[in-house]
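Peer 1: Got a structure here, written out as structure tokens. Questions coming.
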Amino acid sequence: MNILCLHRMGDPNNWLESVRTLEYMFADVRHDLNVVVHDSDVPLPSYMKGIDYDLIVLGPTFLNNRYSRKKLKLVFSNYEFIKYSKACKVALPQDDYDCSEILEDWLIDWDVNLVYSVCFEHRFILYPRLNKKGIIRKGYTGYISEDWIDFWKSPKPIEQRSIDVSYRASKLSANFGSLGQLKWEIAERFLKAIEGLNKMKLDISIDPKDWISGKHWHHFLENSKFCLVTASGSSLLDPKGDIRFCANQFVAYNPNASFREIEMKCFAGNDNQNRYTALSPRNIEAALAETVQIATPGTYSELMQPYEHFIPLSEDCSNIKEVIKMMTDMSQIKNIQKKCKETLLSEPRLRRTNIVTEIINFAEDNLSNQRGIVVDQVRTKIAIDRYKAEIKQILNSYFRRRRFLLKAREAAFKLGGKRIYNLIFYNR
């Protein structure tokens, strides 16, 4: 089987382990197949476009190209061969609520055979046309690899962990609504609420400089007794990206604008009409690491319940005293650790090996009518071997240039070109 997986994770130095685990799941799990995992920011060599692929997987970061008209136009040009390919095509989008109409148009135009939606319960809203075709299945934002299970087979005992409460988050654009704002505001609210009530060692930050990538994140999480968690997702539906564009343009001209000001300008009355949430990779990783989650209300893909799988924290942190009381009840903490880990490990479709097998089986069934086609596997192997020999140097060169340009842009930003920076950076 010949498989092409497309992603756009960017600089490998900044990869999140959970995202890499998802984007590389076919290459990691099925060594017996011809799997090519390609970063779409780098043009795919022409000799790779002529391969008779059996399966083409459009990864979540690749589908993020829909956020920019310029990037999407470039993708349509560079990867037009996918539209006409007879391969089985599977899409793994995330943040379905963001540019949902653009995404659906794209998937229909490329004749995608199967879509895994992380907001499956909202598929009628997000994919009105695709849903009628019955090609949507429930997906997750992350999947459990065997490496994760082995790594956290016997996590560090909670008594030996040096961090009491940890958290990392980034400030999100206003187009994710108040739920997106909560993702970073919860850090400030928690710190303020707990001040003076209990002496704890906290490692909570929303500063990009404190970002933790790769396997370092897993070690950090395992060294934390508790971690803050908010429901992953958005309280806004932005079908065509108009809210995103309006918010970014407004901030470009009004750098100090508050969320409420942006809301009144760009999406007054639209926030919280629906909450598009899902279980996040952090929920999965924390459960495996037996790090107890202090979580705000959410559905968590119907897999986690308050008091049973996490300590509930109100969005305004008004129940902080109850939270602290639960944090000191070791009997309850041990039960939460055990129950949360057992529950997520017992969900078969959260296992990476299972979801890969499910997709492979679907592709095989989908291609059953084409079994008479003879594929030149010798030519295919030559092309793939050539690609693997060349691509590493190409990627290294590309990201060296990207890092240089990023530093130059940051320098210009510090010199006072903030408005110009925003206008250029957020231009569609």
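Peer 1: If we scan region 77-88, do we find a residue that is under 20 Å from ASP238 (Cα atoms) and either outside the structural domain of ILE243 (by TED's automatic domain parsing) or buried (at least 18 other Cβ atoms within 10 Å of the Cβ) (or both)?
Peer 2: The answer is no, given that none of the residues of region 77-88 is under 20 Å from ASP238 (Cα atoms) and either outside the structural domain of ILE243 (by TED's automatic domain parsing) or buried (at least 18 other Cβ atoms within 10 Å of the Cβ) (or both).
Peer 1: Grab the helices (runs of 4 or more DSSP H) fully contained in region 223-292, keeping just those with 2 or more residues being at pLDDT below 95 and not hydrophobic (A, V, I, L, M, F, W, C).
Peer 2: 242-253
Peer 1: So in region 63-116, with the set limited to residues that are farther than 20 Å from SER280 by Cβ and aromatic (Phe, Trp, Tyr), which one is farthest from the chain's Cα centre (by Cα)?
Peer 2: TYR84
Peer 1: In region 166-187, which residues are within 23 Å of PHE245 (Cβ to Cβ) and assigned to a helix (DSSP H, G or I)?
Peer 2: ALA174, ASN175, PHE176, GLY177, SER178, LEU179, GLY180, GLN181, LEU182, LYS183, TRP184
Peer 1: Restricting to region 330-368, and then to whatever is within 26 Å of the chain's Cα centre (by Cα) and not in a helix (DSSP H, G or I), can you tell me which residue is nearest to TRP148 (Cα to Cα)?
Peer 2: Per the stated criteria, the residue is ARG351.
Peer 1: Please list, ordered by first then second residue, the pairs with beta carbon atoms under 6 Å, 6 or more apart or interchain, first in region 166-178 and acidic (Asp, Glu), second surrounded by fewer than 18 Cβ atoms within 10 Å (Cβ to Cβ).
Peer 2: Matching pairs, first to second residue: none at all.
Peer 1: Counting only residues that are in contact with a strand residue (DSSP E or B) (Cβ under 8 Å, 6 or more places away or on another chain) and in a helix (DSSP H, G or I), which one in region 67-86 is nearest to GLY241 (Cα to Cα)?
Peer 2: My answer is TYR67.
Peer 1: Here are the criteria: (1) surrounded by fewer than 19 Cβ atoms within 10 Å (Cβ to Cβ); (2) under 22 Å from GLU146 (Cα atoms). Tell me which single one SER258 does not satisfy.
Peer 2: (2)
Peer 1: Another question, then. What is the number of the single condition among (1) under 21 Å from ARG30 (Cβ atoms); (2) modelled with pLDDT of 75 or more; (3) of a type in the set (Val, Ile, Thr) that ILE336 does not meet?
Peer 2: Evaluating ILE336 over (1) under 21 Å from ARG30 (Cβ atoms); (2) modelled with pLDDT of 75 or more; (3) of a type in the set (Val, Ile, Thr) leaves (1) as the failure.
Peer 1: While we're here: Spot the failing condition for SER301; the list is (1) out of contact with any helix residue (DSSP H, G or I) (no Cβ under 7 Å at 6 or more places or on another chain); (2) at pLDDT 95 or above; (3) not aromatic (Phe, Trp, Tyr), and only one is missed.
Peer 2: All conditions pass for SER301, except number (2).
Peer 1: If we scan region 307-320, do we find a residue that is touching a strand residue (DSSP E or B) at 6+ places or on another chain (Cβ under 6 Å), assigned to a helix (DSSP H, G or I) and within 24 Å of CYS119 (Cα to Cα)?
Peer 2: No, region 307-320 has no match at all.
Listed here are the residues, each with its yes/no results for (1) over 17 Å from SER18 (Cβ atoms); (2) modelled with pLDDT of 95 or more; (3) of a type in the set (Gly, Ala, Ser); (4) surrounded by fewer than 20 Cβ atoms within 10 Å (Cβ to Cβ).
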| position | (1), (2), (3), (4) |
| --- | --- |
| ASP147 | no, yes, no, yes |
| TYR167 | no, yes, no, no |
| GLY177 | yes, yes, yes, no |
| PHE190 | yes, yes, no, no |
| GLU195 | yes, no, no, yes |
| MET200 | yes, no, no, yes |
| LYS209 | yes, no, no, yes |
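Peer 1: Let me ask something additional. For ILE51, indicate whether it is of a type in the set (A, V, I, L, M, F, W, C), within 26 Å of ILE384 (Cβ to Cβ), more than 22 Å from the chain's Cα centre (by Cα) and buried (at least 18 other Cβ atoms within 10 Å of the Cβ).
Peer 2: It is true that ILE51 is of a type in the set (A, V, I, L, M, F, W, C), within 26 Å of ILE384 (Cβ to Cβ), more than 22 Å from the chain's Cα centre (by Cα) and buried (at least 18 other Cβ atoms within 10 Å of the Cβ).
Peer 1: Can you tell me which residue among ILE108, ILE125, ILE102 is in a helix (DSSP H, G or I) and surrounded by fewer than 16 Cβ atoms within 10 Å (Cβ to Cβ)?
Peer 2: Exactly one of ILE108, ILE125, ILE102 is in a helix (DSSP H, G or I) and surrounded by fewer than 16 Cβ atoms within 10 Å (Cβ to Cβ), namely ILE108.
Peer 1: Next question, about the same structure. Residues GLU322, GLU263: which one is surrounded by fewer than 22 Cβ atoms within 10 Å (Cβ to Cβ) and closer than 22 Å to GLY177 by Cβ?
Peer 2: Sole residue among the options that is surrounded by fewer than 22 Cβ atoms within 10 Å (Cβ to Cβ) and closer than 22 Å to GLY177 by Cβ: GLU263.
Peer 1: Separate question: Conditions: (1) surrounded by 15 or more Cβ atoms within 10 Å (Cβ to Cβ); (2) among the polar types (S, T, N, Q); (3) not assigned by TED's automatic domain parsing to the domain that holds VAL35. THR380 meets all but one. Number of the miss?
Peer 2: Exception for THR380: condition (3).
Peer 1: Now for a different question. Quick one: which of VAL90, VAL57, VAL75 is under 20 Å from VAL19 (Cβ atoms) and either among the aromatic types (Phe, Trp, Tyr) or touching a Phe, Trp or Tyr at 6+ places or on another chain (Cβ under 7 Å) (or both)?
Peer 2: Criteria check complete, one pass: VAL57.
Peer 1: Scan region 390-428 residue by residue and report those that are at pLDDT below 55 and either in the same structural domain as VAL42 (by TED's automatic domain parsing) or surrounded by 14 or more Cβ atoms within 10 Å (Cβ to Cβ) (or both).
Peer 2: Listed by number, the residues that qualify are TYR421, LEU423, TYR426.
Peer 1: Take region 22-40 and flag every residue that is surrounded by 20 or more Cβ atoms within 10 Å (Cβ to Cβ) and either in contact (Cβ under 8 Å) with a residue 40 or more places away in the chain or not in a helix (DSSP H, G or I) (or both).
Peer 2: Correct list: LEU22, MET25, PHE26, VAL29, VAL35, VAL36, VAL37, HIS38, ASP39, SER40.
Peer 1: Please enumerate the residues belonging to region 4-21 that are touching a residue at least 60 places away in the same chain (Cβ under 8 Å) and part of a strand (DSSP E or B).
Peer 2: LEU4, LEU6
Peer 1: Also, I was wondering about something else. Looking at ASN131, is it without any contact (Cβ under 8 Å) to a residue 12 or more places away in the chain, surrounded by 16 or more Cβ atoms within 10 Å (Cβ to Cβ) and assigned by TED's automatic domain parsing to the domain that holds MET25?
Peer 2: yes
The values are calculated or read from the model by the stated rules, or taken from the named source; none is laboratory data. None of these values were measured; they are calculated from a predicted model. Backbone-built Cβ (ideal geometry, glycine too); neighbour counts: all protein chains shown.
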